[in-house]
1. Please count how many residues of segment 85-101 are under 12 Å from the mean Cα position of the chain (by Cα) and touching a residue at least 40 places away in the same chain (Cβ under 8 Å).
2. When segment 51-77 is examined, which residues are found to be surrounded by 16 or more Cβ atoms within 10 Å (Cβ to Cβ) and either among the small types (Gly, Ala, Ser) or more than 14 Å from the chain's Cα centre (by Cα) (or both)?
3. Kindly indicate the residue of segment 101-150 that is closer than 28 Å to Phe179 by Cα and of a type in the set (Lys, Arg) and also surrounded by the most Cβ atoms within 10 Å (Cβ to Cβ) among those meeting that condition.
4. Considering each of Gly157, Gly200 in turn, give the residue that is exposed (fewer than 15 other Cβ atoms within 10 Å of the Cβ), in contact with a helix residue (DSSP H, G or I) (Cβ under 6 Å, 6 or more places away or on another chain) and not polar (S, T, N, Q).
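All of the numbers you see were taken from the coordinates with simple rules; none came from a lab. Quick caveat: nothing in here was measured; it's all calculated off a predicted structure. Cβ atoms come from the backbone with ideal geometry, glycine included; neighbour counts cover every protein chain shown.
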Amino acid sequence: MKRVRYFRTASCLFVALCLSFAVYAKAGDPLDVVKTAIDKAIQILKDPKLQTKDKKQERIDRLKEAINPIFDYEEMAKRSLGSHWRRRSPAEQEEFVKLFRDFLEKVYSDKVDLYNGEKVIFGREIVDQDFAQIESSVVNAKGEETAVVYRLRRVDGKWKVYDAVVENISIVNNYRSQFDRVISKSSYDELKRMLKEKAG
C-alpha cells in the first residue's frame, strides 16, 4: 500500500506534523487551536537541543505528547474506513482506531527530520455550528506556497482536527480510497495486517 502522495514534499510533511503533533488551546476559536498547535510544533522541531541523532526519539516523544488532546483519531479512522466502518463490531471499531493511530504516529515520526524552516500563513476561519475550516499556506525556503485547509469539529466543547486538505487532496479521502481498495481486493484482515506492518 502506497503512502499518501502529498507526503512527498517537505512542506506537506510539515503540514502533517502540525496536524498530528498539536497542543490543545483552552481558548475558544478553531483558529486559536490550530495556531497554538503549529507554534508548539515549530518550537519543538526547531529546538537546537533536540537536533542531534541521539535526541530524535525525545523529539518524537515530545511531539507525541500533544497528539491525543487535539487529534480526533476516532473520527478520522471512521471516515477513512468509510462504509466498511458500519460492518465492524464495536470492539473491532475500537481496535481499528488504535491501529490507525499507531499507523499515523509511525508515518509522521519517520518524517520529523524533513522540517526545513517552513512557515505558515493563516487565512480565513469558517465556522458552521459544530464544524470549522481554517485556511492556510505553508511557505518553504524558496518562497513556494502549499495551500492547506484544516477541518475541525467540536467534540465535548473542544475543537479537534479530523482532516487536512493539502492542495485539494484530503487525507481522509486519500486513505479511504486506499483502504477500500485493499479490502475489496483482499479483506479487512489484510488491511489490518498491512497497517500493523507499517506501524512497526
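1. Residues of segment 85-101 that are under 12 Å from the mean Cα position of the chain (by Cα), as a first pass: 100-101.
Filter again for touching a residue at least 40 places away in the same chain (Cβ under 8 Å), leaving 100.
The number of residues fulfilling the criteria is 1.
2. Arg59, Ile60, Arg62, Ala66, Ala77
3. Per the criteria, the residue is Arg101.
4. On the way: Gly157 fails: in contact with a helix residue (DSSP H, G or I) (Cβ under 6 Å, 6 or more places away or on another chain).
Within the list Gly157, Gly200, the selection yields Gly200.
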